[in-house]
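Input: a single structure, listed below in structure tokens.
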Amino acid sequence: MTTSNLAVRAISVTALLLLGFSVHAQTVLFSSVGVGDVAHATNLTTNAGGQASTGALMPVSGYSQTAVPITQLDANNGQAYFGNIYGGVLQVMPSTMTFTKMNAVINPQSTLLVIGVHLTVTAQLYRFQRQGGSGQLVAVPGAACTFTDASTLQAPNPVQTYENIVSPSELGVCSATFSATIPTGDSLMWLISMTASGISNNVSLVQTLPIDASISLSQ
């Protein structure tokens, strides 16, 4: 085989490899908050009824020392609402994308003694649907998961609540599969929130859990 033929073959193989890479390329967006201490942790809180009171807002891509706190969740049935507090958290999609998978991890940043109460932490993807010069903030269907207490992951049925003694070693993990097509110009962000439920009528459902978090969103 001549040198020119070898060169042509090498170029052809390279082109095929590049084509294969582009065909199977996957967009993955990563977001994380926290530096591993209580001072920068994001506080998830519940009110007297056990509903989410404050939660953590995170962009779908990037890192910050702490998440943007969202207050008044309890005034909106535990859901995010549109307001000027979002700042740069809502990130605009540069092109139409279909996402199908999310994975998340939370790490409590202090030891919490929970007596007679179950704490349930969830992550939800939100979309700001643009309608002319305005729009509305809506939860993306299916793009949500409930964290499983890592201390129970080796059990036959992992528990999706935090209870008893919650320590920084008790990671929470969750994942979900779905299909959501986000058009060009719409924006996305994450909300992590917590609810509390009691095993009796004599326990306080007002709880605070400081966390760091990491979430991935992929096609």
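Every number here is computed from the coordinates shown, using simple stated rules; none is lab data. If you're wondering where the values come from, they're calculated on a predicted model, not measured in any experiment. Heads up, the Cβs are rebuilt from the backbone with ideal geometry, glycines too, and the neighbour counts pull from every protein chain shown.
Sum up the charges of everything whose Cβ sits under 14 Å from the Cβ of Val117, counting Lys and Arg as +1 and Asp and Glu as -1, but leave Val117 out.
Values: positive: none; negative: Asp149, Glu163.
Net of charged neighbours comes to -2.
Mind giving me the nanometre distance, one decimal, between the label points for Ala48 and Ser214, set 7 Å out from Cα along Cα→Cβ?
4.0
How do Asp212, Asp37, Asp74 rank when sorted from fewest to most other Cβ atoms within 10 Å of their own Cβ? Please report the intermediate quantities before stating the final value.
Numbers: Asp212 24, Asp37 13, Asp74 17.
If I rank by nearby Cβ atoms, fewest first, I get Asp37, Asp74, Asp212.
Please get the size of the charge dipole for segment 26-218, origin at its Cα centre, with Cβ charges of +1 on Lys and Arg and -1 on Asp and Glu, quoted in debye to the nearest 20.
Magnitude of the dipole: close to 440 debye.
Given the DSSP H assignment, sum -39500 (n - 2.57) over each helix run of at least 4 residues in the chain and divide by its residue total; what's the result at 222 nm in deg cm²/dmol, nearest 500? Show your work: numbers first, answer last.
Details: 1 runs with 22 residues, N = 219.
The per-residue figure over the chain is -3500 deg cm²/dmol.
Taking 0.36 nm per intervening residue step and subtracting the Cα-Cα distance, what contour gain separates His40 from Ala139 on full extension?
Numbers: separation 99, 0.36 × 99 = 35.64 nm, distance 2.67 nm.
Computed gain between His40 and Ala139 is 33.0 nm.
Put +1 on the Cβ of each Lys and Arg and -1 on the Cβ of each Asp and Glu in the chain; which of Val105, Ser218, Val138 then has its Cα farthest toward the positive end of the dipole?
Of Val105, Ser218, Val138, it is Ser218.
Provide the net charge surrounding Pro141, with neighbours chosen by a C-beta distance below 15 Å and charges set as Lys +1, Arg +1, Asp -1, Glu -1. Intermediate values should be presented prior to the final figure.
Details: positive: Lys101, Arg127; negative: Asp186.
Counting the neighbours of Pro141, the net charge comes to +1.
I'd like the distance between the alpha-carbon centres of segment 112-189 and segment 24-84, rounded to an integer number of Å.
Each part reduced to its Cα centre gives a spacing of 10 Å.
Within 10 Å of each residue's Cβ, count the other Cβ atoms and sort Ser64, Ser175 from fewest upward.
On the way: Ser64 17, Ser175 14.
Least crowded to most crowded, the residues run Ser175, Ser64.
Could you calculate the contour length gain from Tyr81 to Phe178, that is, 0.36 nm times the residue separation minus the distance between their Cα atoms, to one decimal place in nm? Please report the intermediate quantities before stating the final value.
Values: separation 97, 0.36 × 97 = 34.92 nm, distance 2.26 nm.
Value of the extension gain: 32.7 nm.
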